[in-house]
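Notes follow the structure.
The values are calculated or read from the model by the stated rules, or taken from the named source; none is laboratory data. Fair warning: this is a prediction, and the values are worked out from it, not measured in the lab. Using ideal geometry, Cβ is built from the backbone for each residue, glycine included, and neighbour counts are taken over all protein chains shown. For accessibility, only protein heavy atoms count, side chains too; no ligands or nucleic acids. Shrake-Rupley method; radii C 1.70, N 1.55, O 1.52, S 1.80 Å.
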Amino acid sequence: MKLTFLGAAREVTGSCYLIETGTLCFLVDCGMVQGGRTAEARNRQSFAFDPKTLDFVLLTHAHIDHSGLLPKLTRKGFSGPIFTTAATGDLLEVMLPDSAHIQEAEAERAARSNRKRKPARATPAPPIYTMEDAKNCLRQIRRVNYDEKITLHSNVACTFRDAGHILGSAILELLIDEAGSPVKLVFSGDVGQPGRAILRDPTRIAEADILVMESTYGDRAHRDQVATIDEMVTIINETHQRGGNVIIPAFAVGRTQEILYHLNNLTRQGRLHDLSIFIDSPMADRATQITKQHLDLFDEQARGLAGWHNKGVNLPMMHFTASVDESKAINRIRSGAIIISASGMCTAGRIRHHLLQNLPRPECAVLITGFQAQGTLGRRLVDGVKRVRIFGEDVPVRASVHTLNGFSAHADRPALLDWASGFRAPPGQVFITHGEEHAANFFAEALGTEFGWTVSVPSLGDTFDWPLDASRKVDK
């Protein structure tokens with residue numbers, strides 16, 4: 001059996017793993033690279049395998065850095081099933097067409113710009129995939145239940161466990177039996193932070209021969225959530241008192257719903273008053289409706305808040321904007337608004353328009369509530385730059401910028417170590433992925449020190465055989 005790391009190796013995005021056995025070839029995840037100047041070029045590269053040869057795909061969750069190249073996979077000839085949880089399947093119905101729309105819109109924008117040039121440059125590149133590709137891909141989705149063992153092939157079975165990261169996110173337990181020698185692979189996917197609002201805590205796994213584990217925050221601990229919420233309340237109240245708006249870049253799936261949960265809960269507690277919340281993301285609107293359809297996946301506190309919200313008493317004012325005109329109208333609001341918009345890393349979407357309007361205003365505030373990959377606009381704001389470029393304009397950063405890591409949907413280092421402690425015996429081999437190089441190496445060393453595990457940090461394109469070829473160890 002061979003395992004090849006085709007993404008999220010010493011970086012956070014582009015999750016993709018190729019597993020080859022004597023009789024099968026399949027992927028775990030097929031995500032887009034996000035952030036940095038090379039992201040688009042990498043997403044356009046030919047796959048390192050022939051998509052027509054794949055038997056199936058296993059998908060850990062709906063975030064685009066895990067699912068975003070599935071329509072391209074279909075476009076290039078993959079025709080097999082894509083197995084994922086029911087909630088993830090529902091979210092993909094929204095997210096993949098939205099991603100395709102972005103690809104088509106960006107290709108059309110590039111074509112218009114090219115037509116204005118004298119002389120015109122070479123023909124602009126076509127979209128990475130189209131809406132039709134996304135629709136075809138969605139026909140390949142096969143929904144499965146948590147904790148239900150499914151047979152994928154005569155010698156391969158898989159169980160999806162709740163990862164507690166976003167709605168429908170999963171840890172994969174794979175059992176591959178080649179020639180009577182069963183091997184258990186566990187892919188952590190993105191592990192959620194225990195004790196967070198809405199979702200249940202990540203499921204502990206007891207054993208594995210091979211563990212592929214994320215490390216997004218493997219080098220740090222999140223701030224206590226109580227302190228984080230206190231800070232959010234202070235920032236919102238002070239910003240509104242000085243006549244500004246609060247701008248919150250947020251992923252349409254997961255983070256937006258969590259922020260809305262806290263704003264509603266703080267209103268119920270009487271800590272925030274007279275809120276005007278604008279959710280300027282059609283995809284976030286649809287994702288919120290899907291979230292409400294899966295109350296069985298909520299924790300007890302979230303179900304209680306949903307009951308209060310359904311009574312419709314003393315609710316904050318929430319506006320879900322659909323049209324471009326509605327979105328533009330928000331920019332005429334000079335004070336008192338909380339504007340939540342995608343994308344979460346500020347790389348695309350309507351959030352860039354709101355930042356363009358509000359960053360130059362010192363009375364405004366920007367709340368960064370999630371991970372910002374290197375090379376993204378969000379990362380530059382977190383790093384404290386004084387000026388940024390948005391839509392070709394030089395924009396001064398006069399608004400205050402606040403990073404609230406306590407809202408992260410990713411487990412921090414203590415939580416990752418706690419999840420790892422659930423294994424009854426050391427896995428035969430551990431690969432650390434889905435983390436920037438420092439975080440991945442730091443966490444790999446922590447696992448070795450804490451548990452005595454054999455840990456490697458693979459590089460992009462590395463291939464490993466099982467039993468592990470000792471001559472091909474990876475540098476930590």
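Volume of the convex hull of the range 265-409 (Cα atoms only), normalised per residue: 132 Å³.
For Phe442, the accessible surface of its heavy atoms amounts to roughly 90 Å² (probe 1.4 Å, protein chains only, rounded to the nearest 10). Along the axis of the charge dipole computed for the chain (Cβ charges of +1 for Lys and Arg, -1 for Asp and Glu, origin at the Cα centre), the listed residues Ala87, His402, Thr463 are led at the positive end by His402.
Among the GluC sites (Glu not before Pro) within the range 86-161, those in coil by DSSP and having at most 11 neighbouring Cβ atoms inside 10 Å are Glu148. Pairs over the 28 Å Cα-Cα cut-off, from the set Lys52/Lys149; Lys2/Lys52; Lys149/Lys292; Lys2/Lys76; Lys72/Lys292: Lys72/Lys292.
Charged neighbours of Lys386, selected by a Cβ distance under 13 Å, balance to +2 (K, R count +1; D, E count -1). Each residue of the range 291-298 was assigned a 3J(HN,Hα) from its phi angle through the Karplus curve 6.51 cos²θ - 1.76 cosθ + 1.60 (θ = phi - 60°); the sequence is 4, 5, 7, 10, 4, 5, 8, 7 Hz, with glycine and proline shown as x.
In debye, nearest 20, what is the charge dipole magnitude of the range 404-458 about its Cα centre with +1 on Lys and Arg Cβ and -1 on Asp and Glu Cβ, if you could check?
That gives a dipole near 180 debye.
Each residue of the range 361-374 was assigned a 3J(HN,Hα) from its phi angle through the Karplus curve 6.51 cos²θ - 1.76 cosθ + 1.60 (θ = phi - 60°); the sequence is 9, x, 7, 9, 9, 10, 9, 9, 10, x, 5, 10, 5, 4 Hz, with glycine and proline shown as x.
Under the convention that each Lys and Arg Cβ holds +1 and each Asp and Glu Cβ holds -1, the size of the dipole of the chain around its Cα centre is about 2000 debye. In the range 322-454, the DSSP beta bridges split such that about 50 percent are antiparallel, to the nearest 5. When both the range 214-243 and the range 142-173 are represented by their alpha-carbon centers, they are found 33 Å apart. For the range 142-185, the Cα-based Rg and Dmax, in that order, read 11.6, 37 Å.
Where the alpha-carbon atoms of the range 37-99 are placed on the principal axes, they occupy 30, 30, 17 Å, in descending order. Expressed in units of 2.2 N^0.38 Å, where N is the residue count, the Cα radius of gyration of the range 392-457 is 1.60. Shape summary: the chain maps onto an equivalent ellipsoid whose semi-axes, from the alpha-carbon gyration tensor, are 36, 27, 21 Å in decreasing order.
For the chain, the residue among Leu96, Pro124, Thr23 whose Cα projects farthest onto the positive side of the dipole built from Cβ charges is Pro124.
Residues whose amide H falls under 5 Å from that of Ala342, counting only those 5 or more places apart or on a different chain, are Ala250, Arg350, Ile351, with hydrogens built in the peptide plane.
Out of all Cα-Cα pairs in the range 1-111, roughly what percent, to the nearest whole number, are more than 20 Å apart? Tail of the P(r) past 20 Å holds 39 percent of the pairs.
For the range 205-293, how big is Rg over Rh, using alpha carbon atoms and the Kirkwood form of Rh?
1.08
With a cut-off of 13 Å, note down the residues of the range 92-107 whose backbone N falls inside the zone around a label point 7 Å from the Cα of Arg143 toward its beta carbon. Residues 92-94 qualify, since their backbone N sits under 13 Å from the label point. Backbone phi angles across the range 148-158, fed through the Karplus curve with coefficients 6.51, -1.76 and 1.60 (θ = phi - 60°), yield HN-Hα couplings of 9, 6, 10, 8, 8, 6, 4, 10, 9, 10, 9 Hz in residue order; Gly and Pro are listed as x. Remark on Ile390: its backbone amide H falls under 5 Å from those of Val395, a criterion applied only to residues 5 or more positions apart or on other chains, H modelled at 1.01 Å from N. A quarter of the convex hull surface defined by the alpha-carbon atoms of the range 357-476 gives 10.1 nm² as the mean projection. Scattering from the range 35-167 was approximated by placing one identical point on each alpha carbon and applying the Debye formula without solvent; log10 I(q)/I(0) at 0.10, 0.14 1/Å stands at -0.39, -0.70. Ordered from longest to shortest, the equivalent ellipsoid semi-axes for the range 67-131 are 31, 13, 5 Å, each the square root of 5 times a Cα gyration tensor eigenvalue. Only the Cβ atoms of Lys and Arg (+1) and of Asp and Glu (-1) were treated as charged; on that basis the dipole of the range 11-95 about its Cα centre amounts to roughly 360 debye. Pairwise Cα separations in the range 128-227 fall into 5 Å bins from 0 onward with the following percentages, short to long: 2, 11, 16, 18, 16, 14, 12, 7, 3, 1, 0. Under 11 Å from a label point 7 Å along Cα→Cβ of Ala179: give me every residue in the range 1-17 with its amide N that close. Counting only backbone N, you get 1.
Against the criterion of solvent-accessible heavy-atom surface with a 1.4 angstrom probe, Met131, Met345 sort, most first, into Met131, Met345. For Val144, the amide hydrogen comes within under 5 Å of the amide hydrogens of Thr84, Thr85, Ala86, counting only partners 5 or more places away or on other chains and with H modelled in the peptide plane.
Once each part is reduced to its C-alpha centroid, what is the distance from the range 334-368 to the range 14-80 in angstrom? A separation of 32 Å, based on Cα centres.
Over all projection directions, the Cα-based convex hull of the range 205-253 averages an area of 6.2 nm². Take the Cα radius of gyration of the range 424-470 and divide it by 2.2 N^0.38 Å, N being the number of residues; the result is 1.16.
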